[in-house]
Amino acid sequence: MTTYAENVPLSPVPNDDGIDAAAAAARRVVNALLHAGADSAAPMSDIARDLNRIAAQLEEHAPERQERFVGMWAGRPRHDPVTGPENALAPPLHLHGLPDGSVTGTVTLGLPYQGPPGCVHGGFPRCCWITRSASPTAGARGRTG
């Protein structure tokens with residue numbers, strides 16, 4: 001059985017700058033768009049234009065896909081759709097190993113992850129569980145299916 005010192009991070013720890021900060025800002029935009037909704041007084045056409053300008057700027061500086069794959073998989077992956085601070089789709093889930101070998105996690109699944117009104121879509125808790133199952137304490141890392 002794997003054991004850990006108190007509260008050892010098992011998922012990537014976000015940085016306060018660079019791509020981690022940009023992904024966090026993108027998560028904030030998605031959340032704000034969903035909260036504002038179609039009937040908002042916000043200037044949605046102007047916001048869409050600004051977001052498209054930002055996307056074009058990112059696309060202009062993006063490497064070829066194969067080159068990006070190399071960077072994504074170098075070292076500990078930080079682009080995972082559940083725990084990756086580089087992935088704007090990630091909730092993210094923060095996993096921590098405990099001294100007894102167990103794993104604890106925290107996640108906030110807000111409005112972007114809603115299924116039926118007021119409830120999280122069932123697929124997201126499953127993704128979180130699968131991600132935990134592929135953590136080092138499960139005895140293996142890598143593909144889960």
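The values are calculated or read from the model by the stated rules, or taken from the named source; none is laboratory data. The structure presented is a predicted model; accordingly, all values stated were derived computationally and were not measured. So basically every Cβ, Gly included, is an ideal-geometry build from the backbone, and we count neighbours across all protein chains shown. Accessible surface areas use protein heavy atoms only, side chains included; no ligands, DNA or RNA. Shrake-Rupley method; radii C 1.70, N 1.55, O 1.52, S 1.80 Å.
Data for the structure
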read-out	value
Kyte-Doolittle mean at least -1.0, axial Cα span of 18 Å or more - DSSP H helices of the chain	18-36, 44-61
Charge dipole (debye, nearest 20) of the chain; +1 at Cβ of Lys and Arg, -1 at Cβ of Asp and Glu	460 debye
Estimated distance in nm for a label pair at Ala25 and Ser45, the labels positioned 7 Å out from Cα along Cα-to-Cβ	2.6 nm
For the chain, accessible area per residue (1.4 Å probe, heavy atoms of protein chains only), Å²	68 Å²
Helix-only mean residue ellipticity at 222 nm for the chain, each DSSP H run of n ≥ 4 adding -39500 (n - 2.57), per residue, nearest 500	-12500 deg cm²/dmol
Residue range of the chain that is longest and free of GluC sites (Glu not before Pro) which are both DSSP loop and sparsely packed (at most 11 other C-beta within 10 Å)	65-145
Correct choice for P(r) over Cα pairs in 10 Å bins from 0, in percent that was computed from the model, options (1) 10, 27, 22, 14, 12, 9, 4, 1, 0; (2) 10, 33, 33, 19, 5, 1; (3) 11, 37, 30, 17, 4, 0	(2)
Accessible area of the stretch 1-46 belonging to carbon and sulfur atoms, whole % at 1.4 Å probe	57 percent
